[in-house]
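Please read the structure below before turning to the comments.
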Amino acid sequence: MSEWTNPVTIQTALRSAGYLADARTAQVVYLAEQLGKPILAEGPAGVGKTALALAVAEATGRRLVRLQCYEGLDEGKALYEWNYHKQLLRIQTDEGKQWDELEGDIFTEDFLLERPLLAAIRSPEPVVLLIDEVDRVEVETEALLLEVLDAFQVTVPELGTMSARTRPFVVLTSNNSRELSEALKRRCLFLHVGYPSVHRERDILLSRVPELPEEMAKRIAEVVASIRNIPVRKAPSVSESIDWARTLLALAVQHVDGQITADTLHVLLKYQADIDKVSRELSLQTAEE
Amino acid sequence: MLIGLTDFADELREIGIPVSMVEVLDAADALRHVDLGDRTAVHAAMAATMVKNARHQDAFDLAFDVFFGLRPPPPSPTTELHGPADGADTAEGSSGGGSPADVSDLFEALVGALATGDQHALSALARRAVDRLSGFQPGRPVGGRYYLYRVMHRLDVDRLRSRLVEGLLAADDELGVDDELTTRLAVDTADRRIGAFRTEVEAEILRRLVQDRGPEAVSQTLRRPLVEDLDLMHATREELAMIADRIAPLARRLASRMSARRRRGQHGRLDVRRTIRRSLAHGGALLDPQWKPRRINKPELVMLCDVSGSMATFARFTMQLTYAIGHQFSNVRAFAFIDGIDEVTRFFAPGEDFEHAMARIAEEAQLIRHDGHSDYGTALECFTTEFFDAVTPSSTVIITGDARNNYRPTGEERLAKIADRARALLWINPEAKRYWDTGDSVMSRYGALCDGVFEVRTLRQLERFVESVALSRVKGLVPIS
C-alpha cells in the first residue's frame, strides 16, 4: 500500500478493483492508511460497506480476514480457543508424565485454534481485517475488540501478549441497529455510506453489469431513486438494483416501462406491503388478478 | 488552524454533537495529512474524526459551511455562456430588485442548466440569482430562509418545474417510451435537480451571511435541535419522518437486548442426574456439566395509547413505536382510545404498512363513543369490561397520554383494577412535567396508582425509558424470529 499516497490514486485503485468510491470514501480510506486507524462504515444494508473492504483487499493484493459478528459472539469465536480435545488426547497418551512437563506441552501454539482476530494479528504479511456487522454483538463483546483495535495486540494468558507484526487495515461495518459504544467509535474513522446519487448509481451499475446499455442503466437508477423516495419498510439497496439490472438483462428487456417494472418489482422489494405500495405510488399497471 | 479547530469543536458541542478531546486531536492529526487547500479533503478529514453518528452529519455540514465557508472563486466560463457579463450587474446587484428581463434571462439559463444537470453552471447561476433577486442587505438581521424564499419565489419554481418536466419528457419521447412511469420519473428527476439548485442557493446565501456577520453570530441563529431533542408534541411533518426513522432501530435494540437476556437465562441450575450419566462416557470424569432449562415465564406487553386530537402528533409517534415493537415481539397487544377503546393489534401484523394500518384504524376501529374528546374514565371502563383478559399477572401495561380528561370522571378505580392485576403499570406523558395537573390534567391522580410515570417529550427521553425502565420490567418478551 506504499503507493497509496493520495486519495486520487486510491480512487483509481479501488475502481480497478470494481468499487466506485466517491471522493469522501477515498479520503477516509487514505486517512485510515495514513493514521493507521480502523474505518467504521455505517449505513443501510447493501450499499457496499462490506464491498469496500473486499475492494481494498483486492486492490492491495492483501489477504482478507473476515470476522462475521452475531449475537452471542464470544472470545472463543473471535480471538482464539484452546483445542480442548487435542489437549485431552495429549494428556491421555502422555499418562505418567509430571504435570510441569505436561503443562508446558499442552499450552503451546500447537494446541491454539486461531480465530479471525488473532489470525489477522499474527499474519506475517499485512492483511485487511473486516469486522462485519459489528452492531450485532453485545456491548460486552465490543470491549473485546478494543484491545485489538487500539494496540493491535492479543493477550493469551498462557502464552503472553502477541503484537501485530504488520498493521492490518481494519474495516468495521454497522447497519446501525444499535448505538455502538463511545469507546469503539472514538477509535475509528467514521464513514457514513448512504445511497448513491442517480449519477453514481448509474456508474456503479455500468461497472458491475458491463453488458448493460447506458440508457437503461440511467433509467434503472432513476426508478430506484424514485422508489427510495417512497417510505417503504425496506428500501431497495444498491445490490438489489444490480440484481434488478441483471434480471432485466436476462429477460432481454429493451425499455424499462411500467409493465416490466411491475412484473419484476419483487427483485427490488422484499415485502408484499412494500410492493403494493410502490405499485400504487408509481401507478404501475399490475397484471389483473 | 489549531485555534480554528478548537473553536469549531466548541461550536459542534454547542449544537449538541459530542466531540471528545481525543477526537479533536485526531482531527488535528488527520489534517496534517491532507491538502489544506482542498475543501473536500478538509471536510472529509474533520467529518471522519469528529462526527461518529450519521444523524449528526447534516448539523455538522451546516456548521462546517458556516465556519469554513469561503469557497474558491467560481470557475466563470459557464457564467459567460448564459447571459451578460457579471461586471455590469454587480453595481445594482446586491441592492436587490432585478428587472423582469433579468429574471426571465436567469429563468431561461436555469432551465438549460437544469435540463443537462450541469453542476458548474448551476453554482454560477445560484450566485447570480442571489446577487440579483435576494435583495440582500448587509447588517439586516433576517435569517437565510427569508432570502431563500425571495429568490425561489421570484424564479417561479412551479413554472420552472413544469418546464423542466416537459423538456425531460420530450427527450424521453425520442426514445419511444411513454407511460405513467416515465412521467413520474421525469417529475422526480426535476424535483431532485431543483432541490440541488436550491441547496446551491442556500449555500450561497449562507456564505454571504457569514461574510456579513461572522461565523459565530450566524451559527447561533442557525442552531436547530438534533433529532433526539425534538419535541414530539410539536414536531413538524419532516421532523416526524426523521423521528420515525429512529424508532425502528430502538425497537430492534429492545428486541436484541431481550433475546440476549433470554439466551443467557437459558442455563438454569445444574442437572446432577444427567451430568453423572454423561460422565460415564468419560470414565466417570465430570467433563460435561448438564443444566436444567430455566422456566421462562412469558409476560406480555399491553399498550394503551391516547390518540385523541390534542395528542395527534404524539399519537402518531406512539403508534409508530407500537408498530415497531409489534414487529419484534409476538406477545404485544395494542389498544387505542379516545373516549372509546378498541384493540388495534391486528392492524399491526408483521408485513403491514404503517400508513395503511393507520388509515384502517381511523376507519375500522371503534375509538369514539360520544363526542370524540378524550375521556380516560370511559376508556378505562370499556377496557376493564371488554378487554380485561388482556391483562394478566405477567403483563406490563404502558399507557401513553397527557392525562387531560376534559374535566370528566377519572375512573381511577378502573385504573386501580388494572394496576392490581398487572405486573407493572407504567405511564408515559408527552407533556413537560411543569404542565402536569394544570387545567384538566389529572396526571398525579392516575400517577399515584402507577409504578412509574415518565415524561417522554423527546426521543432521547424515550431511549432512556426503554433502556432503564422498560427493560427492567418487561422481561421475557418473545421475539419473532
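Read-outs: derived from the displayed coordinates by stated rules, not from any lab. Note that the structure is a prediction, hence the values are computed from the model and not measured. Don't worry about glycine lacking a Cβ; one is built from the backbone with ideal geometry, like all the others, and counts go over all protein chains shown.
The phi torsions of the stretch A:86-102, fed into the Karplus equation with coefficients 6.51, -1.76 and 1.60 and a -60° offset, translate into couplings of 5, 4, 4, 4, 4, 4, 5, 5, 8, 3, x, 6, 6, 4, 4, 4, 4 Hz, rounded to whole numbers, with Gly and Pro shown as x. Charge dipole of the stretch A:50-117 (Cα centre as origin; +1 on each Lys and Arg Cβ, -1 on each Asp and Glu Cβ, all else neutral): 540 debye, rounded to the nearest 20.
Normalised by residue number, the volume inside the convex hull of the Cα atoms of the stretch B:95-247 is 145 Å³ per residue.
Working note: Karplus 6.51/-1.76/1.60 with θ = phi - 60° gives the stretch A:250-260 the couplings 4, 7, 6, 7, 8, 10, 7, 10, x, 4, 5 Hz, where Gly and Pro are set to x. Percent of Cα-Cα pairs more than 29 Å apart in chain A, please. Across chain A, Cα pairs with separations above 29 Å total 48 percent. Each of B:THR182, B:THR49, B:THR345 was scored by other Cβ atoms within 10 Å of its Cβ. Listed from fewest to most, they are B:THR345, B:THR182, B:THR49. Under 5 Å between amide hydrogens, built in the peptide plane, is the criterion, and for B:ILE398 it picks out B:VAL302, B:MET303, B:LEU304, B:LEU426 among residues at least 5 positions away or on other chains.
Among beta bridges identified by DSSP and lying wholly in chain A, the antiparallel ones come to about 30 percent.
Among B:MET46, B:MET233, a tally of other beta-carbon atoms within 10 Å of each Cβ gives an order, fewest to most, of B:MET233, B:MET46. Computed over the Cα atoms of the stretch B:102-148, the ratio of the radius of gyration to the Kirkwood radius (Rg/Rh) comes to 1.05. When the Cα positions of B:TRP436, B:THR384, B:LEU206 are compared along the charge dipole of the protein assembly as shown, B:THR384 comes out farthest toward the positive end, with charges on each C-beta of Lys, Arg, Asp and Glu. In this structure the amide hydrogen of A:GLY72, modeled in the peptide plane, comes within under 5 Å of the amide hydrogens of A:GLU138, none closer than 5 places in sequence on its chain. Per the Cα gyration tensor, the stretch A:1-50 maps to an equivalent ellipsoid with semi-axes of 18, 14, 8 Å, ordered largest to smallest.
For the stretch A:48-203, the equivalent ellipsoid built from the Cα gyration tensor has semi-axes of 37, 17, 13 Å, listed from largest to smallest. What the phi angles of the stretch A:15-28 give under the Karplus curve with 6.51, -1.76 and 1.60, with θ = phi - 60°, is a coupling list of 4, 5, 8, x, 10, 8, 8, 7, 4, 5, 4, 4, 4, 5 Hz, glycine and proline written as x. Of all DSSP beta bridges confined to the protein assembly as shown, the antiparallel ones make up roughly 25%. Mean projected area of the Cα convex hull of the stretch B:272-429, taken over all directions, amounts to 12.6 nm².
Taking amide hydrogens as placed 1.01 Å from N in the peptide plane, the amide H of A:ILE131 sits under 5 Å from those of A:LEU67, A:VAL171, A:LEU172, A:THR173, each at least 5 positions away in sequence or on another chain. The fewest-to-most ranking of B:HIS327, A:HIS85 by surrounding Cβ atoms within 10 Å reads A:HIS85, B:HIS327.
Using Cβ point charges alone (K and R +1, D and E -1), the dipole size of the protein assembly as shown about the Cα centre works out to roughly 2280 debye. All distinct Cα pairs of the protein assembly as shown go into the 1/r average, and the inverse of that average, the Kirkwood radius, is 30.3 Å. Projecting the Cα atoms of A:GLN98, A:VAL8, A:ALA57 onto the charge dipole of chain A, computed from C-beta unit charges around the Cα centre, puts A:VAL8 farthest toward the positive end. Expressed as a fraction of 2.2 N^0.38 Å, the C-alpha radius of gyration for the stretch B:173-247 is 1.67.
Note on the stretch A:78-172: antiparallel DSSP beta bridges, both residues inside, total approximately 65 percent of the bridges counted.
If you line up the long axis of helix A:198-208 against the longest principal axis of chain A, both from Cα atoms, how many degrees apart are they, to the nearest 10? Long axis of A:198-208 versus the principal axis of chain A: about 60 degrees. The lysines whose alpha-carbon is closer than 21 Å to the alpha-carbon of A:LYS97, local same-chain residues fewer than 8 away aside, are A:LYS86. Largest first and in whole Å, the equivalent-ellipsoid semi-axes of the stretch A:1-92 read 35, 16, 12, each the square root of five times a Cα gyration tensor eigenvalue.
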